[in-house]
Amino acid sequence: MRAEQDVGIVVGDDGVIVERGAFGQVCARYPQARPCRLGEGLLLPGFVDCHVHFPQARIIGGLGMPLLEWLDRCALPEEARMADAGYAQAVACEFVAGLADAGTTTALVFGAHFAYAVELLFAAAEDRGLRVTCGLVVSDRGLRSELHTSAQRAYDEGLALAQRWHGRGLSRYAVTPRFALSCSDELLTACAALQAAVPGSFVTSHVNENPAEIATVRRLFGCDYVDSYDRHGLVGRRTVLAHNVHPRDRELERLGASGAAIAHCPSSNASLGSGMFPLDRHLYHHVPVALGTDVGGGTGYSMFKEALQAYFMQRLRGDDGVTLDAAMLLYLATNAGARALGLGAEIGDLSVGKRFDAIWLRPALGSPLDSCLRHADTAEQALARTFALATSTDIAGAWVGGVPVKATAVAA
Ligand code: GUN
Ligand code: ZN
């Protein structure tokens, strides 16, 4: 981790950081630059949320149920409401506002089962200026019938969406089978064909989240959960699978060899009682791990909270837990996600050459966070206090590629 006080950062018109150094020196070297003085507070890289469901923006807080019951009672009825374009439009706007407000500048967004709703999400994210990778969610069994599609329709609608949005501005396409439990082999074959037809597109889904779900996948496919995707060619460098709370060693071996990443969603795993994430085993098998809020199974958009929950979860694992320090939490919430999304060369930290995707933390004067930061002895301590105490309301500004996405009140 690198931390500096009184830093000056020069951002080019293309949003790329061209200089970083002592504020006075940088100002002297770039007399033409329009200064934006933040004064107090902390500047951090923008957050990268690797697993968050847009249609679930209004159902956060369905507590007390395991995954499959929560899907039936909370998530899927709301997902069905996305058929109504007016409803989906309102939810898409609330969702992107929730991301920006929380300082999430990049997200791998689980879309909706209706192509028009996904279109609305892409448009809302573009309007707001966020980096999103998203796609049409597809299923052809096991859910409510209005959420089912066919392999051909999944391919055709996905391709049409990808042709409009993949590579347009900051948007990219993700082929999105909901989870193996709700997909036939024929549908997964169509998903693989779609990814092949859209170069650079991603695959995202769920894996090994809950024991009852895993048992059903084994019954349906006769194989491990990871294999249900892998045998269709859906596990590779541009694959991000959420959860993986209960993997077998051979699945971790395969994930490690493939380069696929796992989106660890600790709040959701705790809320739905899915289990304790075996981070040690992922690290042992060289499986890349990033963070996801999993809204609405998760309990909000804050990546501060998500990272803190990841820390708690590992502490509770006792001797098997990986004790995460503040620098690791920041890495998980930023750079790890950037890498999982193939954006490691562009975003994830505030180095020269990267895009200026950043958040400015300025807690209210006299608040517990303000007081803890003023009395921090080191940058690591300040960061740990930030993860312990910060909420979205402490974020005074956020930028994507140098463009504000959350209101800032700064002196020129
Ligand atoms: N598995 C399939 N769909 C979902 C979902 O919406 N949320 C979570 N947490 N797991 C899922
Ligand atoms: Zn999810």
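Of all the numbered requirements in (1) within 15 Å of ligand 1 (Cβ to nearest atom); (2) in contact with a Ser or Thr (Cβ under 8 Å, 6 or more places away or on another chain); (3) part of a loop (DSSP other than H, G, I, E, B), Gly273 misses one, and that requirement is (2). Residue pairs whose Cβ atoms lie under 9 Å apart, sitting 6 or more positions apart in sequence or on different chains, and linking a residue in the range 339-360 that is among the hydroxyl-bearing types (Ser, Thr, Tyr) and at pLDDT 95 or above to a partner that is part of a loop (DSSP other than H, G, I, E, B) and open to solvent by 40 Å² or more (accessible area, probe 1.4 Å), are Ser351/Arg2. Looking across Met328, Met313, Met303, one residue alone is more than 27 Å from Pro55 (Cβ to Cβ) and modelled with pLDDT of 95 or more. It is Met328. Selection of the range 192-209 for residues being within 16 Å of ligand 1 (Cβ to nearest atom) and touching a helix residue (DSSP H, G or I) at 6+ places or on another chain (Cβ under 7 Å) yields Val203, Ser205, Val207, Asn208, Glu209. Mind telling me which of the residues Arg172, Arg178 ends up being basic (Lys, Arg) and within 16 Å of ligand 1 (Cβ to nearest atom)? Of Arg172, Arg178, the one residue that is basic (Lys, Arg) and within 16 Å of ligand 1 (Cβ to nearest atom) is Arg178. For the range 271-299, the set of residues classified as over 16 Å from Gly337 (Cα atoms) and either within 14 Å of ligand 2 (Cβ to nearest atom) or crowded, with 24+ Cβ neighbours inside 10 Å (or both) consists of Ser271, Leu272, Ser274, Phe277, Val295, Gly296, Gly297, Gly298, Thr299, listed by residue number.
Of Gly64, Gly39, all but one fail to be open to solvent by 70 Å² or more (accessible area, probe 1.4 Å), of a type outside the set (Lys, Arg), out of contact with any Leu (no Cβ under 8 Å at 6 or more places or on another chain) and modelled with pLDDT of 95 or more; the exception is Gly64. In this structure, Ile262 does satisfy being open to solvent by less than 40 Å² (accessible area, probe 1.4 Å), within 15 Å of ligand 1 (Cβ to nearest atom) and over 20 Å from Pro66 (Cβ atoms). For the range 248-259, which residues satisfy the criterion of being under 21 Å from the mean Cα position of the chain (by Cα), within 27 Å of Asp319 (Cα to Cα) and open to solvent by 10 Å² or more (accessible area, probe 1.4 Å)? Matches in the range 248-259: Gly256 only. Residues that are more than 21 Å from Gln152 (Cα to Cα), within 16 Å of ligand 2 (Cβ to nearest atom) and either of a type outside the set (A, V, I, L, M, F, W, C) or under 25 Å from the mean Cα position of the chain (by Cα) (or both) do not occur anywhere in the range 186-204.
Residues in the range 229-258 that are in contact with a strand residue (DSSP E or B) (Cβ under 8 Å, 6 or more places away or on another chain) and small (Gly, Ala, Ser) were compared, and the one that is nearest to ligand 1 (Cβ to nearest atom) is Ala242.
For the range 94-208, the strands (runs of 3 or more DSSP E) that sit wholly inside it and include 3 or more residues that are more than 19 Å from Tyr225 (Cβ to Cβ) are 104-110, 131-135, 171-177.
Can you confirm whether the range 382-394 contains a residue that is out of contact with any helix residue (DSSP H, G or I) (no Cβ under 6 Å at 6 or more places or on another chain), buried (at least 18 other Cβ atoms within 10 Å of the Cβ) and within 19 Å of Val11 (Cα to Cα)? Among the residues of the range 382-394, not one is out of contact with any helix residue (DSSP H, G or I) (no Cβ under 6 Å at 6 or more places or on another chain), buried (at least 18 other Cβ atoms within 10 Å of the Cβ) and within 19 Å of Val11 (Cα to Cα), which makes the answer no. Each residue in the range 210-241 was checked for being of a type outside the set (A, V, I, L, M), outside any helix (DSSP H, G or I) and either surrounded by fewer than 19 Cβ atoms within 10 Å (Cβ to Cβ) or touching a helix residue (DSSP H, G or I) at 6+ places or on another chain (Cβ under 6 Å) (or both), and 9 pass.
The values are calculated or read from the model by the stated rules, or taken from the named source; none is laboratory data. Owing to the predicted nature of the structure, the values given are computational and were not obtained by experimental measurement. As a convention, Cβ positions derive from the backbone with ideal geometry for all residues, glycine included, and neighbour counts pool all protein chains shown. To get the accessible areas, we keep the full protein, side chains included, count just its heavy atoms, and leave off ligands, DNA and RNA. Shrake-Rupley method; radii C 1.70, N 1.55, O 1.52, S 1.80 Å.
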